Amino acid sequence: MVYYNADGKESTMCGNGGGCLVAFAKLLGMIENKCVFNVINSVHSATIMGDNFGALQMIDVNQIEEKSKGMFLNIGSSHYLEIVRDLVYFDVYRNGKRIREGNEYKPGGTNVNFVEQEGPCHFRVRTFEC
């Protein structure tokens with residue numbers, strides 16, 4: 001899988017893009033129920049279940065860095081996560097762009113996820129990616 005961000009630069013694993021790739025390969029008859037595919041920095045496997053629902057295997061997260069307001073981890077592509085309040089009104093674009101393009105994540109930036117806990121096991125997530 002070759003994945004390009006909105007800025008035209010090749011990037012690392014995209015979970016949504018990987019799911020689309022697998023569903024499309026199934027539609028074209030290139031795979032049946034299982035496949036393995038390469039991305040710029042890793043190898044992933046996927047299984048098609050039921051009504052063409054795909055389950056992707058991502059890399060194990062073996063390091064989480066605590067930051068002053070959130071945390072940083074790599075799941076095949078780097079992600080910064082921050083817990084916020086009133087996520088529906090939160091300026092994801094402005095805040096996400098500031099973090100993604102900040103000196104700490106140069107030169108390539110990072111994906112930025114803002115998370116609000118809505119219940120004991122229910123979270124809402126909004127993401128800034130470029």
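The values are calculated or read from the model by the stated rules, or taken from the named source; none is laboratory data. Just so it is clear, the structure is predicted and the values come from calculations on it, not from any experiment. Counting neighbours? That spans all protein chains shown, and the Cβs are built from the backbone with ideal geometry, glycine included. In case anyone asks, the SASA skips ligands and DNA or RNA and just uses the protein heavy atoms, side chains included. Shrake-Rupley method; radii C 1.70, N 1.55, O 1.52, S 1.80 Å.
State whether the residues of region 57-76 include one that is farther than 26 Å from Tyr105 by Cα and surrounded by 14 or more Cβ atoms within 10 Å (Cβ to Cβ).
Kept after step one, since they are farther than 26 Å from Tyr105 by Cα, are these residues of region 57-76: none.
Within region 57-76, none of the residues are farther than 26 Å from Tyr105 by Cα and surrounded by 14 or more Cβ atoms within 10 Å (Cβ to Cβ).
Within region 24-55, which residues are within 18 Å of Gly76 (Cβ to Cβ) and in contact (Cβ under 8 Å) with a residue 12 or more places away in the chain?
Here is the first cut: in region 24-55, the residues within 18 Å of Gly76 (Cβ to Cβ) are 35-47, 54-55.
Hits for region 24-55 are Cys35, Phe37, Asn38, Val39, Ile40, Asn41, Ser42, His44, Ser45, Ala46, Thr47, Gly54.
Considering only region 19-71, state which residues are charged (D, E, K, R) and in contact with a Cys (Cβ under 9 Å, 6 or more places away or on another chain). Please lay out each step first, then the result.
Initial filter on region 19-71 (charged (D, E, K, R)): 26, 32, 34, 51, 60, 65-67, 69.
Lys26, the sole residue that qualifies.
Working only within region 13-51, note down all residues that are open to solvent by less than 40 Å² (accessible area, probe 1.4 Å), part of a loop (DSSP other than H, G, I, E, B) and closer than 28 Å to Glu101 by Cα.
Met13, Cys14
Consider Asp91 carefully, then state whether it is at positive phi and either at pLDDT 80 or above or in contact with a Ser or Thr (Cβ under 7 Å, 6 or more places away or on another chain) (or both). Working first, answer last.
Values: at positive phi: no; either at pLDDT 80 or above or in contact with a Ser or Thr (Cβ under 7 Å, 6 or more places away or on another chain) (or both): yes.
No.
For Val84, state whether it is open to solvent by less than 80 Å² (accessible area, probe 1.4 Å), in contact with a Cys (Cβ under 9 Å, 6 or more places away or on another chain) and among the aliphatic types (A, V, I, L, M).
Numbers: open to solvent by less than 80 Å² (accessible area, probe 1.4 Å): yes; in contact with a Cys (Cβ under 9 Å, 6 or more places away or on another chain): no; among the aliphatic types (A, V, I, L, M): yes.
So Val84 does not fit the description; no.
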